[in-house]
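Contents: one structure, followed by commentary.
The values are calculated or read from the model by the stated rules, or taken from the named source; none is laboratory data. Predicted, not measured: the structure shown is a model, and the values here were computed from it. We place every Cβ from the backbone using ideal geometry, glycine too, and count neighbours over all the protein chains shown.
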Amino acid sequence: MSAPGRRGPTACFGDLLLGIRLGVAGGRSGWFRLVMTAVGVGLGVAMLLTATALPTVGLARADRSEARSPGPGVEAPGPDTLLYAKADTNWRELPVGGLLLRPEGGQAPVPPGVERNPAPGEMVVSPALAELLAAPDARLLAERLDARVVGTIAPEGLSGPRDLFYYLGVDSLEAGSFGVSRTDTFGGGGRGDGATLPAVFLVLAILGLVVLLLPVMIFVTTAVRFGSESRDRQLAAIRLVGADTTTTRRIAAGETLVGTLLGMVVGGLLFLAAGRMVGDLVPVRFSFFPADLRPVPALVALVVLVVPTAAVLVTLSALRGVMIEPLGVVRRGRQRRRRLGWRLVPPVLGVLLLAPLVGGLTDGTGTLVEVQITAGVTFLLLGMVLLLPWLVQSVVHRLGGGGVAWQLAVRRLQLDSDTAVRAVSGIAVSVAGIIAVQGVLGAGQAAMTDRHGDSTRFQASVSVYTEPVDWSAERITTTLADTPGVDTVNAVARPFGVSGSSTVDVLIADCDGLRFYAPLPTCTDGDTFVADGRERPEIAPGASIVLDEDDPGTRWTVPNGIRPVEQYDRLVVADLLVTPGALAVPTPEPSTFLVRLDATDPDAIEQVRTAAYRIDPLAFVSDFDEQVTSGLLGTFEQALQVGAVALLLLIGASMLVNVLEQLRERRRLLAVLSAFGTRRRTLSGSVLYQVGIPVLLGLVLAVVTGGGLGALLLAMVQEPIRFNWAAIAGVTGAAAVVVLVVTAASLPLLWRLTRAEGLRTE
């Protein structure tokens, strides 16, 4: 050991080595402390390594998706060209991608993962789709994709192991038809880097990243403080043999460092083990092959540097509030009052960073704005972590009275609430972040619902943009109406008329169909409506509009008495809404068919999809109820669910270890209380109160912080501020269940520690 007062690199290195030796050879309690630290840090590091591998997972999936996408279009046919058309569909909540292929020569390109192009009537499917088609409950999908399966797609042609994809050979594709393209290669089409990310999705992505990673870092910094009280007593013994305060702290840092380094090894092993199975456990949109899970080296280096550094800094910071003397540690006295002022700085900074973006965040924002949002969200959530210890201390110091169990718990928290608060901080941050994500996600879903129109009238639509052979609009309407699970069908024509040099978007349907697009006050056949904000000279009464440029006989004069209406649809806004009786010219052929589904038939939408696919594989079917949770919003929602479960399990484990640690530290006191006749029920109740009080305060703070953050983010993306109280109740309820499970799991140790053997001492 270095001599008292000795300084220099050699002394520091020697002190660290001594701390490492004490951590490795510290007896039963030392080994327990080392194992708990290693396991805790290992779990956190495994999640951090998984986060560092997410970019490569996404890149690998994107590369394979790009490789199977048809390349740039070519004009002239040749022996090395093929015609293709996208024929995507859905099976319940699962997206099923597909391409129709028609080779134009013997040298036509072959998709990756496929040995040859399928002949007409043949189909090559992914392994996951082959398994799904063979399932008894997927009969409707098998009827829809009614072709002979001649092979499966190899992994190089799949975005992930659970990818649902197929290639179908056909002979009906014609060049120049809607949705049909020609190419001479696969791949090279680009990933669409020029596309801008909608503001709501950008906010969700940043918020989700912070919410997932911040609690993990809190968990890691909590794990390095396992067994802190027994370690402090060991350090007091070191002070007794002559070490000064600085030397003692360096020894403590060395002991923490060995546990952290061992935890990083454990985390790496857990990461490698999880990589072989997690790809099949995540939702379909995230499935990946084990080889895809490759951490980014720069991010791994950052984790390797940050985790040990944070562990040492946390240890030194914790020891600043502890006076380690030769005869013991001064920790058991009354805690000094925590100050509120400096704890308000991070949340105020977060608000100041986010406030300028309110009402001004647009799609496709730059990197600087992304950094500003990330920093603002992080500061707000970190501010909650700093406010929680002050809140718990302020509340518990005002508590008193009650039963014996209550008094035992309150007095323990009054003496030392740090351990309990450390365990609660992670769950509070998780709940606050999830509440904010749910708020933004709910607003996005509500906005998508508004974009689809009045889904109480019609729940789906079928759009047929081509002209299938022998399928007139009347036959399509009859076929859909006769489909099981369908109540009514309403045909809608949507010509793009021409008035002078301007294009006029016209919706033609009966009153029931038009009410899907706009809340009409009154409507009779012969009425015409103009969309609010779309009044232009070319759609004023008396204006002349040609509904079909190829047919001069479709020239129509806008009648008098047109009334303004506000449409539901925010994305595609029509100029005029016209009933058939208002037209004095032939009505254009309908291309969209609104469908009212039988609410009692759970497979009604699948019946519609199958019928539409038989009419035309390129027909587009919209399920207005499902699309609220599909696409990017569905991806974010699934990621939120997976992340929330992982975080709650991780933090539940952290809370359990903290409770067990507290019980072990108090084993002699518990044995004394039991010897004096204290009932087990009373001691169990004290443990529940001791865990529950900080959790309750943390959840209250989390709901307030999460709600405020969600409101601020919604104001940024210019969405109405509304709260999903059911989701908030579900998140807080799940956190409460975690507390109950942790308490129940700690009871066996509590009962064992209250035996008479616990009175023995050395």
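Let's see how each residue does on (1) under 24 Å from Gln459 (Cβ atoms); (2) at pLDDT 85 or above; (3) surrounded by 15 or more Cβ atoms within 10 Å (Cβ to Cβ):
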site	(1), (2), (3)
Ala509	yes, yes, yes
Gly513	yes, yes, yes
Thr522	no, yes, no
Arg534	no, no, yes
Pro552	no, no, no
Trp556	no, yes, yes
Pro564	no, yes, no
Which numbered condition Asp505 fails, given (1) under 23 Å from Pro590 (Cβ atoms); (2) in contact (Cβ under 8 Å) with a residue 40 or more places away in the chain; (3) loosely packed, with under 13 Cβ neighbours inside 10 Å: (3)
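Counting only residues that are of a type outside the set (A, V, I, L, M) and either surrounded by fewer than 17 Cβ atoms within 10 Å (Cβ to Cβ) or without any contact (Cβ under 8 Å) to a residue 60 or more places away in the chain (or both), give me the helices (runs of 4 or more DSSP H) lying completely in segment 663-755 with at least 2 of them.
Because the criterion is at least 2 residues that are of a type outside the set (A, V, I, L, M) and either surrounded by fewer than 17 Cβ atoms within 10 Å (Cβ to Cβ) or without any contact (Cβ under 8 Å) to a residue 60 or more places away in the chain (or both), the helices (runs of 4 or more DSSP H) in segment 663-755 that meet it are 680-716, 725-753.
Listed here are the residues, each with its yes/no results for (1) outside any helix (DSSP H, G or I); (2) under 30 Å from the mean Cα position of the chain (by Cα); (3) not polar (S, T, N, Q).
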position: Thr378; (1), (2), (3): no, yes, no
position: Val385; (1), (2), (3): no, yes, yes
position: Trp390; (1), (2), (3): no, no, yes
position: Val395; (1), (2), (3): no, no, yes
position: Leu399; (1), (2), (3): yes, no, yes
position: Leu413; (1), (2), (3): no, no, yes
position: Ala420; (1), (2), (3): no, yes, yes
- request: Restrict the check to segment 314-328 and report whether at least one residue is out of contact with any Phe, Trp or Tyr (no Cβ under 6 Å at 6 or more places or on another chain), more than 18 Å from Asp416 (Cβ to Cβ) and at pLDDT 85 or above.
  value: no
- prompt: In this structure, is Val57 assigned to a helix (DSSP H, G or I), β-branched (Val, Ile, Thr) and touching a residue at least 24 places away in the same chain (Cβ under 8 Å)?
  reply: yes
message: Take Leu293 and tell me if it is closer than 24 Å to Gly426 by Cα, at pLDDT 75 or above and either in contact with a Cys (Cβ under 7 Å, 6 or more places away or on another chain) or in the same structural domain as Thr56 (by TED's automatic domain parsing) (or both).
response: no
task: Kindly indicate whether any position in segment 102-122 is within 24 Å of Val608 (Cβ to Cβ), crowded, with 19+ Cβ neighbours inside 10 Å and among the hydrophobic types (A, V, I, L, M, F, W, C).
output: no
- prompt: Scanning segment 146-161 for residues that are under 27 Å from the mean Cα position of the chain (by Cα) and at pLDDT 90 or above, which turns out farthest from Ser69 (Cα to Cα)?
  reply: Pro155
task: Scan segment 615-635 for residues that are within 20 Å of Tyr465 (Cβ to Cβ) and either among the hydrophobic types (A, V, I, L, M, F, W, C) or at pLDDT 90 or above (or both) and jot them down.
output: Ile615, Leu618, Ala619, Phe620, Val621, Phe624
- prompt: Out of all the residues in segment 485-502, which are in contact with a helix residue (DSSP H, G or I) (Cβ under 8 Å, 6 or more places away or on another chain) and either without any contact (Cβ under 8 Å) to a residue 40 or more places away in the chain or surrounded by fewer than 16 Cβ atoms within 10 Å (Cβ to Cβ) (or both)?
  reply: Thr488, Gly500, Ser502
- line: Those residues of segment 113-145 that are under 35 Å from the mean Cα position of the chain (by Cα) and not aliphatic (A, V, I, L, M) come to a total of 9
query: Within segment 451-459, is there a residue that is closer than 21 Å to Thr610 by Cβ, modelled with pLDDT under 90 and touching a strand residue (DSSP E or B) at 6+ places or on another chain (Cβ under 8 Å)?
result: yes
message: Going by what's in this entry, would Gln690 be described as modelled with pLDDT under 70 and of a type outside the set (A, V, I, L, M)?
response: no
- prompt: What is the residue count in segment 66-75 for residues that are surrounded by 18 or more Cβ atoms within 10 Å (Cβ to Cβ) and assigned to a strand (DSSP E or B)?
  reply: 1
